[in-house]
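Written below as structure tokens is the structure these notes are about.
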Amino acid sequence: MRLLLVRHGLSSFNSEGRIQGRDDLSILTQEGIAQARKTGEALAEVNLDAVYSSPLRRAAETTQNLIEAQGSPKPLVFDNGLLEIDLSPWSGLTAEEVRQTFPNEFKIWKERPENLALRNKQGDLFKPLEDLMKQADSFLKKLFENHLKGKDTVLIVAHNAILRCLILNLINASAQDFRRLKLDNASLSVFNIFSTKVNEYNTQIECLNSTVHLTKSIPPKTNTARIILVRHGETNWNQEGRFQGQIDIPLNENGHKQASAASVFLKQVNLEKAYSSSMTRPKETADKILKNHKNIKLRLENDLKEINHGLWEGKLENEIRMKWPLLLEKWKNSPETVEMPEGESIHQVWERSVRCIKKIADSLSPNETALVVAHDAVNKTIICHALGLNKSDIWMVKQGNGGVTIIDISNESNQPNIVTSINLTSHLGGILDQTAAGAL
């Protein structure tokens, strides 16, 4: 099953910097309408089996413009399970007005939103984010009952907070991780859902917060340091499905094209520093990207090298299955329990990759952006760590060859880094990831 999650287009309250919440006072701006139509045009080649929308006007207008531009309208369901977070005492106020009128609550919302408690019109206390997480869980259960068996492609158009809560539920994260995610207006996020047992499923994040269909670029940078994490371009072994590990395979022709496409995609991004795994395939990718960023020295990091697959390196999956069937099955189902024969464990990769990315992040000032080019397993551990996930969750993250991920570094010690985008691949052709599956 594939879920396409779209945040509504720019609304009147968005443009005025006002809190929207569950009130229905805000409508789409002309820019928001244009964003909705661009999103629909980008999805024109995608066959949708169902469309769900929040009934609030800004989402409903986005959905209607989107499916009209998409060209193959499906029955549209307006579902109250997609209503935005209830911030009713604040609705219509600017952030500054909320900060002045509700200083303690505003501080909690900014630092620990899961602990925020407000009073409704009847004077009763409620916890907006806790309630929204429950709402998201109920919506997903109903959605899966209707669509998971059919392997449907489902479009969901809703709001910032409810979409983040849907995502947190999908990846088995908690409300404490709410601030780790960012969703821009009319952004597209893609999730693949695999049914395992009755009432059980696995999630793969194919893409998070893509705005390429709107601006042909990455989401804008704020006043924090930024890391742009790129997976190297394709190799012949990726194409063949061989386990590469630390065998130093270079890019193939398509991999060079992917690296060049990433270079064009990132051409307008200001880069101050650049790092790469010391292996050939990421270094070749980084060199291509830096052709549009002169005078930046590429620093090579051994800690960013791919996982050492040991005796599995150079082999196809069916060859590994013949000799190590049980270990391969464990690698697929519980990778954190496996140490490769004469190779590494995911624990070792996690330790060195997270150590390296923290060193890079600590070296950046708030106005700086660093390019980091590495590998599938390395990138997955970095992203899982940034999302607050565990070593057992590496299969939850997709990394296409030449895909771009963005992590914005928090300026505040008590706040997590923000995973702004994951696995942007539209610069390689098509809004959905079409890169080779490879092997890991």
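The table that follows gives values for the structure above.
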{"quantity": "Filtered residues of region 384-437 (kept if more than 30 Å from residue 236 (Cα to Cα), part of a loop (DSSP other than H, G, I, E, B) and polar (S, T, N, Q))", "calculated": "390, 410, 411, 413, 414, 415, 417"}
{"quantity": "Failed item, numbered, when residue 357 is tested on (1) in a helix (DSSP H, G or I); (2) of a type in the set (A, V, I, L, M, F, W, C); (3) touching a Pro at 6+ places or on another chain (Cβ under 7 Å)", "calculated": "(3)"}
{"quantity": "Condition check for residue 43: at pLDDT 95 or above, in the same structural domain as residue 20 (by TED's automatic domain parsing) and under 25 Å from the mean Cα position of the chain (by Cα)", "calculated": "yes"}
{"quantity": "Counted residues, region 1-33 - those being outside any loop (DSSP other than H, G, I, E, B), among the hydrophobic types (A, V, I, L, M, F, W, C) and more than 25 Å from residue 99 (Cβ to Cβ)", "calculated": "6"}
{"quantity": "Residue within region 126-137 that is touching a helix residue (DSSP H, G or I) at 6+ places or on another chain (Cβ under 9 Å), within 17 Å of residue 168 (Cβ to Cβ) and acidic (Asp, Glu) present", "calculated": "yes"}
{"quantity": "Filtered residues of region 243-279 (kept if assigned to a strand (DSSP E or B) and either not assigned by TED's automatic domain parsing to the domain that holds residue 370 or not basic (Lys, Arg) (or both))", "calculated": "274, 275, 276, 277"}
{"quantity": "Residues within region 214-242 that are touching a strand residue (DSSP E or B) at 6+ places or on another chain (Cβ under 8 Å) and assigned to a loop (DSSP other than H, G, I, E, B), tallied", "calculated": "8"}
{"quantity": "Breaking point among (1) closer than 26 Å to residue 116 by Cβ; (2) touching a residue at least 60 places away in the same chain (Cβ under 8 Å); (3) not polar (S, T, N, Q), for residue 38", "calculated": "(1)"}
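The values are calculated or read from the model by the stated rules, or taken from the named source; none is laboratory data. Small disclaimer: the values here were computed from a predicted structure and weren't measured. Here Cβ is always computed from backbone atoms with ideal geometry, including for glycine, and neighbour counts include all displayed protein chains.
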